[in-house]
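Single-structure report; data block below.
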Amino acid sequence: MITRTLATDGVAEVIVDHPPVNALPVAGWFELAEAVRAAGNDSQVRVVVLRAEGRGFNAGVDIKEIQADPGFGALVGANRGCFAAFAAVYECAVPVIAAVHGYCLGGGIGLVGNADVIVASDDATFGLPEVDRGALGAATHLSRLVPQHKARAMMYTSATATAAELHAFGSVLRVVPRAELRDTALAVAAQIAAKDPVVIRLAKEAFNGIDRWDVSRSYRYEQGFTFELNLLGVSDRLRESFGPDGKE
């Protein structure tokens, strides 16, 4: 599901491959968190490229897993797993480059919004369909990708934004044909890896230290509203009408 590689230049790749749509179960989110943290804690690693195989970058949580649980264990697990994965990207000791193709939805926004650099293929789309699923969350991270009013409109309508739009906003560094995505991400990573590793690690820490808000605290606050929707029964009602496979 999650693999990690390390090249001789200090560029690590963390690769998600969970067919059919890279919607991760609870264990997958924790596995991803561990892979990213392990990469950052490796003294040989200078930069991490986070990418995915398959049809899209990430389709959020495995809703089918949550639907199958008669209680709230899977929901709590998904909340905690997403929290751990998003925090691992943000707190990774080295810069994380997100290489995004296809769809980037729900939890994918949390990963990308907490990354240091984003490159995307020209077919990439970004969105939070949470209101259609009876959930809330990752507005924290969407607000790091698009302006405030755009973020609100996207959340309320479940609309998506293109890679070209995010490039215009300055949040996506480069937009390239899909066939060139990995090479582009590795080229940017090589530029960072060529710098003094002590300086880069301290630069990452410094940027996090001057951030305008605490992304972990604000995301945790958002998760409380998802739990309220589940307690009220709204989430079950909306999920039941979602689709036969129960996945985003």
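What number of residues within the stretch 82-93 satisfy the criterion of being more than 15 Å from D211 (Cβ to Cβ) and either aromatic (F, W, Y) or crowded, with 24+ Cβ neighbours inside 10 Å (or both)?
4
Going by what's in this entry, would L50 be described as within 25 Å of D196 (Cα to Cα) and either surrounded by 16 or more Cβ atoms within 10 Å (Cβ to Cβ) or touching a Pro at 6+ places or on another chain (Cβ under 9 Å) (or both)?
Considered against the rule, which asks whether it is within 25 Å of D196 (Cα to Cα) and either surrounded by 16 or more Cβ atoms within 10 Å (Cβ to Cβ) or touching a Pro at 6+ places or on another chain (Cβ under 9 Å) (or both), L50 comes out as yes.
Does D62 satisfy being more than 16 Å from A163 (Cβ to Cβ), crowded, with 24+ Cβ neighbours inside 10 Å and out of contact with any helix residue (DSSP H, G or I) (no Cβ under 6 Å at 6 or more places or on another chain)?
Yes; evaluated as a whole, the condition is true for this residue.
Which ones in the stretch 143-153 are of a type in the set (D, E, K, R), assigned to a helix (DSSP H, G or I) and crowded, with 16+ Cβ neighbours inside 10 Å?
Once the filter is applied, which keeps residues that are of a type in the set (D, E, K, R), assigned to a helix (DSSP H, G or I) and crowded, with 16+ Cβ neighbours inside 10 Å, the stretch 143-153 yields only K150.
For (1) touching a residue at least 60 places away in the same chain (Cβ under 8 Å); (2) of a type in the set (D, E, K, R); (3) in a helix (DSSP H, G or I), each residue gets a yes or a no:
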residue: P19; (1), (2), (3): no, no, no
residue: E31; (1), (2), (3): no, yes, yes
residue: K64; (1), (2), (3): yes, yes, yes
residue: P70; (1), (2), (3): no, no, no
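Provide a single number: the residues in the stretch 154-171 that are assigned to a helix (DSSP H, G or I) and exposed (fewer than 14 other Cβ atoms within 10 Å of the Cβ).
Our first condition is that a residue be assigned to a helix (DSSP H, G or I); within the stretch 154-171, this holds for 154-157, 163-169.
When the remaining residues are screened for being exposed (fewer than 14 other Cβ atoms within 10 Å of the Cβ), the result is 156-157, 164, 168-169.
Residues in the stretch 154-171 being assigned to a helix (DSSP H, G or I) and exposed (fewer than 14 other Cβ atoms within 10 Å of the Cβ): 5 in total.
Coordinate-derived values only; no laboratory data. Owing to the predicted nature of the structure, the values given are computational and were not obtained by experimental measurement. Backbone-built Cβ (ideal geometry, glycine too); neighbour counts: all protein chains shown.
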